[in-house]
Amino acid sequence: MLTIFGDGHKYCDGVSRRDFLRIGAAGFGGLTLTNLLRAEAALPSGLSSQNKAIINIHLGGGPPQIDMWDMKPEAPREFRGEFKPIPTNVPGLDICELFPLLARMADRFSIVRTVVGTVGLHENYQTSTGWGIKDLQSAGGRPSLGSVASKLIGSLDGKAPPYLDFVPNFESMIGKPGFLGPKYAAYSPDPYGVEQDNLRRRNNLTDVRIDERLGLLQGLDQFKRRSQETAVMGAMDVFRQQAVNVLTSGKIGRALDLTQEDPRTVARYRGERAGDNARAQIMTTHNDRLLMARRLIEAGVRCVTTHWGGWDTHTNNFVDLKPQLPKMDIGLSALIEDLTARGMFDDVIVVVWGEFGRTPRINNNNAGRDHWVDTSHALVFGGGIQGGQVVGATNPRAEYPVARPVHFQEMFATFYHLLGIDLDTQFMDLNGRPQYLLDHRQPVTELL
């Protein structure tokens, strides 16, 4: 196992958000690729894998709705802030002036301006599961969307890890398998190329050496079977061989290696780097993750979770957003164009959202915005999502919904529906009680 620490920072709760990414044999939480493949083979019969996939982009820290997708130019200055709205190619739909590229393709995405139900914590549990982090803790916790998809429909090609997670840092930010168990946890590689040594065959690792190592592992397994009573040891050889096949094929390693992508495509995601400040350069690497996510879907991954940017703007909200929003504009518009050009747009759902919104009223702490739980927002496109619309409306100061509040779970019901997952599916939790995927099991019909 190799552990990589990346672009570290802290949110206002004092917890470090360093990129804590485990790669190689250990994967995440001790979960190996072997376990992932074993889980996939145990999928219930009769379920179609389809071609649907999802990229879940978490905006950690809480993005400000009034500065992005819900501009209020008529509000008092202490609410509306420094940015101005611009029209899009959809009549009546305005977005922030720092999104000129997205404004030209608003017919391809939809905005939900009234996401409600947040518990107000700095974590991506709700954007991974639809539930609060404390829900059902005594029974193992709620499973993330990627874990549910891993269990019910597996990867796109039956070989790649079904669920891959780029989300950084400390434990509560990783998509959890909850009561489904660790074999459905996300595989978490490093997104910056170091994983090539772990996901691709090294020059001196011949077929003979692989066979020798498999033989040693099989011997250890037999010893464990004699010395322990555990169901985990069953049928390891078949799944280990599949894991070796994936590793030696190098599919995931190649997907994460942007030197194998068309340089023009890489440049489109990154945009112009000359004159970028340090924050914008970090956002450029986050745009690389968007491109990697597309490549991972092509490699067979069903669900990719990543994070983008830093949004905990209690101070200097506008100073931080001025370099950051243009980079988001570049990255998301590139993803839309890329998916469309490759014939993937109708199959790949993309959602962009955070754990809550920010206060509509600007604070006196160097023009910042604080936590706001009364309404949040989401940008969604692809995979069957109807574009060119806004769902929900807030009051004239973007403080709370006045029309069509949409619960986090309704968003997840929409994603499960589009992935072909039955919303009435029940699982047994670790206490032996049946659990539905969601309490709110009606999709957002406006998006379908």
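The values are calculated or read from the model by the stated rules, or taken from the named source; none is laboratory data. Everything quoted here is computed from the prediction, not taken from an experiment. Here Cβ is always computed from backbone atoms with ideal geometry, including for glycine, and neighbour counts include all displayed protein chains.
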- Would you mention how many residues in the stretch 362-386 are in contact with a Phe, Trp or Tyr (Cβ under 8 Å, 6 or more places away or on another chain), at negative phi and surrounded by fewer than 18 Cβ atoms within 10 Å (Cβ to Cβ)? 1
- Query: Since D67 meets every condition but one in (1) buried (at least 23 other Cβ atoms within 10 Å of the Cβ); (2) at pLDDT below 95; (3) among the acidic types (D, E), which condition does it not meet?
  - Reply: (2)
- Here are T425, T375, T394: which of them is of a type in the set (S, T, Y), touching a residue at least 60 places away in the same chain (Cβ under 8 Å) and under 19 Å from S147 (Cα atoms)? T425
- Item | Pairs, first over 20 Å from I362 (Cβ atoms) in the stretch 77-97, second aromatic (F, W, Y) and buried (at least 18 other Cβ atoms within 10 Å of the Cβ), C-beta under 8 Å, six or more apart | I86/F99
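Listed here are the residues, each with its yes/no results for (1) assigned to a helix (DSSP H, G or I); (2) under 26 Å from I54 (Cβ atoms); (3) over 20 Å from the mean Cα position of the chain (by Cα).
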position: S333; (1), (2), (3): yes, yes, no
position: T340; (1), (2), (3): yes, yes, no
position: D346; (1), (2), (3): no, yes, no
position: E355; (1), (2), (3): no, yes, no
position: I362; (1), (2), (3): no, no, yes
position: G368; (1), (2), (3): no, no, yes
- Message: Scan the stretch 9-17 and tell me whether some residue there is in contact with a helix residue (DSSP H, G or I) (Cβ under 9 Å, 6 or more places away or on another chain), modelled with pLDDT under 95 and under 30 Å from A398 (Cα atoms).
- Response: yes
- Task: Only residues that are in contact with an Asp or Glu (Cβ under 9 Å, 6 or more places away or on another chain), in a loop (DSSP other than H, G, I, E, B) and either at pLDDT 95 or above or aliphatic (A, V, I, L, M) (or both): list them for the stretch 132-160, please.
- Result: I133, L136, R142, S144, L156
- Residues of the stretch 74-108 classified as in a loop (DSSP other than H, G, I, E, B), aliphatic (A, V, I, L, M) and out of contact with any strand residue (DSSP E or B) (no Cβ under 7 Å at 6 or more places or on another chain), total: 4
- Message: Of the residues R268, R279, only one is within 25 Å of the chain's Cα centre (by Cα), modelled with pLDDT of 90 or more and on the phi < 0 side of the Ramachandran plot; which?
- Response: R268
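Conditions (1) modelled with pLDDT of 95 or more; (2) among the polar types (S, T, N, Q); (3) farther than 25 Å from L332 by Cβ; (4) touching a Leu at 6+ places or on another chain (Cβ under 8 Å), marked per residue:
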position	(1), (2), (3), (4)
G388	yes, no, no, yes
V391	yes, no, no, yes
E399	yes, no, yes, no
V402	yes, no, yes, no
F412	yes, no, no, yes
Y416	yes, no, no, yes
D424	yes, no, yes, no
R441	no, no, yes, yes
E446	yes, no, no, no
- Task: Output the number of the condition that T315 fails; it satisfies all remaining conditions of (1) part of a strand (DSSP E or B); (2) of a type in the set (S, T, N, Q); (3) over 21 Å from the mean Cα position of the chain (by Cα).
- Result: (1)
- Message: Give me the residue from the stretch 251-270 that is touching a residue at least 60 places away in the same chain (Cβ under 8 Å) and outside any helix (DSSP H, G or I) and, out of that set, farthest from P161 (Cα to Cα).
- Response: D257
- Task: Specify the residue that is farthest from L419 (Cα to Cα); the eligible residues are those in the stretch 53-67 that are hydrophobic (A, V, I, L, M, F, W, C) and not in a helix (DSSP H, G or I).
- Result: L59
